[in-house]
Amino acid sequence: MLFRKHYYKDVFDDPDEVAIETEPGDLTVHDGRMWHRVAQSPLVGPASRRRVMYVPIIAGRYEPKTAASSTPFYLRFLHLVK
């Protein structure tokens, strides 16, 4: 996954992607560490707004980020796709 697509740049449909279509009120759960994206809504205005609630699942010792925290590995290459 790391080098197959240009994340944040490659916005075209991919035959290997899995689409999960939801209805209002549906709940989807996924691992936030995996790459994911949301297609543009066919609706406009207030009807197009999505409501998202993040519920962190902490595994292991609690280690909150600080100003001294290191940058995640994958973000060190962000300058290459801009």
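The values are calculated or read from the model by the stated rules, or taken from the named source; none is laboratory data. Here the structure is a predicted model, which is why all the values come from computation and not from measurement. With ideal geometry, Cβ positions are generated from the backbone for all residues, glycine too; neighbour counts draw on all protein chains shown.
Values for this structure:
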read-out: Residue count for the stretch 45-74, restricted to those that are modelled with pLDDT of 80 or more and not in a loop (DSSP other than H, G, I, E, B); value: 5
read-out: Flag if D31 is at pLDDT 75 or above and either part of a loop (DSSP other than H, G, I, E, B) or surrounded by fewer than 10 Cβ atoms within 10 Å (Cβ to Cβ) (or both); value: no
read-out: The stretch 29-82: number of residues that are of a type in the set (D, E) and closer than 22 Å to D13 by Cα; value: 1
